[in-house]
Amino acid sequence: VQLQAFGEGLVQPGGYRSLSCAASGVIRSVNVMGWYRQAPGNQRELVATILFNGLVTYADSVKGRFTISRDNAKNTVYLQMNSLKAADTAVYYCKHNQLGNNYWGQGTQVTVSS
């Protein structure tokens, strides 16, 4: 499974940004896709996950501001990020899990700054 993420960029505080990540290869119908992020000096942390059936989870820090969604026909996961803060600055990674195996995208930089 290969993952290709898109959406890198600079955004002002209070602004919004959308990320997408497309999976290719042998994709099982039962899987979990998600977004993680890693800020400089910090460990990689969970942002949000979405199961194949649409069940979602969010980190407390992004609840009410970020929305994860997916298009199973396109094997693509999306992350809509609103009301962005400087603390959201990080490299964002998408992850795909199936059959107990994790696959990671290449990471995409999101910088929130005025």
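The values are calculated or read from the model by the stated rules, or taken from the named source; none is laboratory data. Small disclaimer: the values here were computed from a predicted structure and weren't measured. Because the Cβ atoms are built from the backbone with ideal geometry, glycine has one as well, and the counts that use them run over all protein chains shown. We work out accessible area using only protein heavy atoms, side chains counted, and drop any ligands, DNA or RNA first. Shrake-Rupley method; radii C 1.70, N 1.55, O 1.52, S 1.80 Å.
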Remind me, relative contact order of the chain in percent, using alpha carbon pairs under 8 angstrom and six or more residues apart? 37 percent
Taking the chain as a Gaussian network, Cα atoms linked when under 10 Å apart, which of V47, V11, V77 shows the biggest mean-square fluctuation? V11
Hey, can you find the accessible area per residue of the chain for me, probe 1.4 Å, expressed in square angstrom? 53 Å²
When only DSSP loop residues count, what trypsin sites (Lys or Arg not before Pro) in the stretch 1-44 have their Cβ near at most 14 other Cβ atoms within 10 Å? R28
Site A87, offset 7 angstrom along Cα→Cβ, radius 14 Å on amide nitrogen, limited to the stretch 17-47, gives 39
Just to be sure I understand the model, the point goes 7 Å from the Cα along the line to the Cβ. What's the resulting L99 to A73 distance in nm? 2.7 nm
Could you please state how large a percent of the accessible area of the chain is carbon and sulfur, counting protein chains only and using a 1.4 Å probe? 50 percent
Alpha carbon centre of the stretch 2-18 versus the stretch 38-58: separation in Å? 15 Å
